[in-house]
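S.K.: Structure in structure tokens, see below.
Computed from the coordinates by the stated procedures, all read-outs in this text should not be read as laboratory data. None of these values were measured; they are calculated from a predicted model. Cβ: placed from backbone, ideal geometry, glycine included. Neighbour counts: every protein chain shown.
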């Protein structure tokens, strides 16, 4: 396929590289143009503008938040204005349910296709094409997107023809991951204050009852207290919890734990932890218990 890829952050660069390796003709765009260099060396073309990345069969976006994707999509020379009728926009960003709905409506009005396809996995999974893709959109658009999903991920999960459903799934998933991080932080703080070695404790947990990847990944980071460089920054964790709460308010679903998590992320940011990995909220339980 002839593809455009917009957004070469820690996740996007690995995803775009795998599309090139899979044999697609990929044109990449990033606001900081220097990030395109390694991909050009792999065989990608560099676009000077967003519009230049929208000349093919599909464009994939992997941007940090709603404002970034809103600007890229709805600017005068943005994605909606630049895609040809029948072409496809695949949004892999973690964004609000509301923005996903706006994008779906706008692309339909222009005779274009839209698929929401947020991904689960950290940068190492993106580089290894081991992402899990949660996708939603009309059947024709999902069929068009299948070669992209096959190149970037190990499995694709479909959630129907209503694109925002995939974004809701992603927000629920990230809410659960944040729960795991907070709970692990509290448990490690309690065990540690009682004299238990934190590495031995986490090894027991992740080798027995809690052997799922999320516990292994974040249990290791918490035990090692390794929060830099951030695989997923605390600012993004706060953003995702806020988006989950916004969706919950719209749907009239109380989420008291999400409100607590929002405050935990705010506390971490207030203490200078904005650029740390979001698993650094685990350090708050240590501080609350008088440990360092």
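S.K.: Counting other C-beta atoms within 10 Å, which of 116, 282 has the fewest, and how do the rest follow?
M.R.: Exposure proxy ranking, most exposed first: 282, 116.
S.K.: May I ask for the distance between the Cα centers of region 158-175 and region 29-101, given as a whole number of Å?
M.R.: Between the Cα centre of region 158-175 and that of region 29-101, the gap is 20 Å.
S.K.: Divide the volume of the convex hull of the Cα atoms of region 77-132 by its number of residues and quote the answer in cubic angstrom per residue.
M.R.: Numbers: hull volume 5.4 nm³, N = 56.
So the per-residue hull volume is 96 Å³.
S.K.: For a Förster distance of 25 Å, can you work out the FRET efficiency between the beta-carbons of residue 32 and residue 124, rounded to the nearest 0.05?
M.R.: 0.70
S.K.: Work out the FRET efficiency for residue 267 and residue 42 from their Cβ-Cβ distance, taking R0 = 45 Å, and round it to the nearest 0.05.
M.R.: Values: r = 41 Å, r/R0 = 0.92.
After rounding, the FRET efficiency stands at 0.65.
S.K.: How high is the FRET efficiency from residue 77 to residue 98, r the C-beta distance, R0 22 Å, rounded to 0.05? Each step should come with its number before you reach the end.
M.R.: Values: r = 24 Å, r/R0 = 1.07.
After rounding, the FRET efficiency stands at 0.40.
S.K.: Counting other C-beta atoms within 10 Å, which of 204, 171 has the fewest, and how do the rest follow? Kindly include the intermediate steps, with their values, before the conclusion.
M.R.: Working: 204 13, 171 25.
Least crowded to most crowded, the residues run 204, 171.
S.K.: Apply the Debye scattering formula to region 219-292, with a single equal point scatterer on each alpha-carbon and no solvent, then give log10 I(q)/I(0) at q = 0.16, 0.21, 0.25 Å⁻¹.
M.R.: Treating every Cα as an identical point scatterer, log10 I(q)/I(0) equals -0.58, -0.90, -1.11.
S.K.: Stretched out fully, how many nm does the piece from residue 105 to residue 226 gain, at 0.36 nm a residue minus the Cα gap?
M.R.: Details: separation 121, 0.36 × 121 = 43.56 nm, distance 4.22 nm.
Stretched fully, the residue 105-residue 226 segment lengthens by 39.3 nm.
S.K.: Treat the count of other C-beta atoms within 10 Å as a stand-in for reagent exposure and order 65, 105 from fewest to most.
M.R.: Values: 65 17, 105 12.
So the residues, fewest neighbours to most, are 105, 65.
S.K.: Per 5 Å bin from zero, what fraction in whole % of the C-alpha pairs of the chain is there, up to the bin with the longest pair?
M.R.: 1, 6, 12, 16, 17, 15, 12, 9, 6, 3, 2, 1, 0
S.K.: Okay, moving on. What's the ranking of 122-132, 87-97 by average number of surrounding C-beta atoms within 10 Å, highest first? Mind showing how you got there, number by number?
M.R.: Values: 122-132: 18.4, 87-97: 26.0.
Peptide ranking by packing, descending: 87-97, 122-132.
S.K.: Using the Kirkwood radius built from alpha carbon pairs, what does the Stokes-Einstein equation give as D for region 2-162 at 25 °C and 0.890 mPa s, in µm² per second? Display every interim value, and only then the final one.
M.R.: Values: Rh = 15.1 Å.
D = 163 µm²/s.
S.K.: If you line up the Cα atoms of region 167-288 on their principal axes, what length do they span on each, largest first, in Å?
M.R.: Taking the Cα atoms of region 167-288, the three principal extents are 44, 32, 25 Å.
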